[in-house]
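Trainee: The structure is given below, and queries will be raised subsequently.
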Amino acid sequence: MGSSSGNSSQGSEEDLKVLKDDDGEEMRKRKRMESNRESARRSRQRKQKQLEELMGEVGKLRKENNQIMTTISITTQHLMTIDAHNSVLRAQMVELNHTLHSLNDIINHINNNNNNNNSNSSNSHSNNNSLLHDQTTNELYECDPHHSFMMDQMNMLLRLNHPMLVAATTPDMLFY
């Protein structure tokens, strides 16, 4: 019997050792679980912080995008206004060039008539002729002031107010 009690005490020690090992392992499992929970909590917090930062950046970028779109819209409207104004100016330039060429043709016609009259009258007048300057061809033309009929016609043409016949697409186009 003595040996059985020795075996039982040895068995108890082994049982205690197994229980201690089980408790130690249980404790390690609990610590590991607690550590994992804490690590997961920190990871969720980091992800939440990153999400909030990204959402803030999205809001900032949307605001910048709206400002850029507004600027583009204003610039496009400004460009359209300037383009329309340029179209009006081009049309006016064409009309003024046409008027200038017509007036130059009249001056040439007057000068040709004066030259014909001067050659026929054979120096009856001294050189009292006025000079007219054609800016497109950079030539000088003589104009006899004694031919009042031609000069009156010329003055009448120069005094006429010819309105520009240019259609504007918008009423505020000319007030840029």
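Trainee: Near residue 39, within a Cβ-to-Cβ distance under 11 Å, what is the net charge of the other residues, with Lys and Arg +1 and Asp and Glu -1? All intermediate terms of the calculation are to be shown ahead of the outcome.
Mentor: Working: positive: 32, 37, 41, 42, 44, 46; negative: 34, 38.
For residues surrounding residue 39, the net value is +4.
Trainee: Short version: ³J(HN,Hα) in whole Hz for each residue of the stretch 86-99, in order, from phi by Karplus 6.51 cos²θ - 1.76 cosθ + 1.60 (θ = phi - 60°), x for Gly and Pro, what are they?
Mentor: Using θ = phi - 60°, the values come out as 4, 4, 5, 5, 5, 5, 5, 4, 4, 5, 5, 5, 4, 4 Hz.
Here, each number is a calculation from the coordinates, and none is a lab measurement. Being a predicted model, the structure only gives us computed values, none of them experimental. Glycine also receives a Cβ, built like all others from the backbone with ideal geometry; neighbour counts cover every protein chain displayed.
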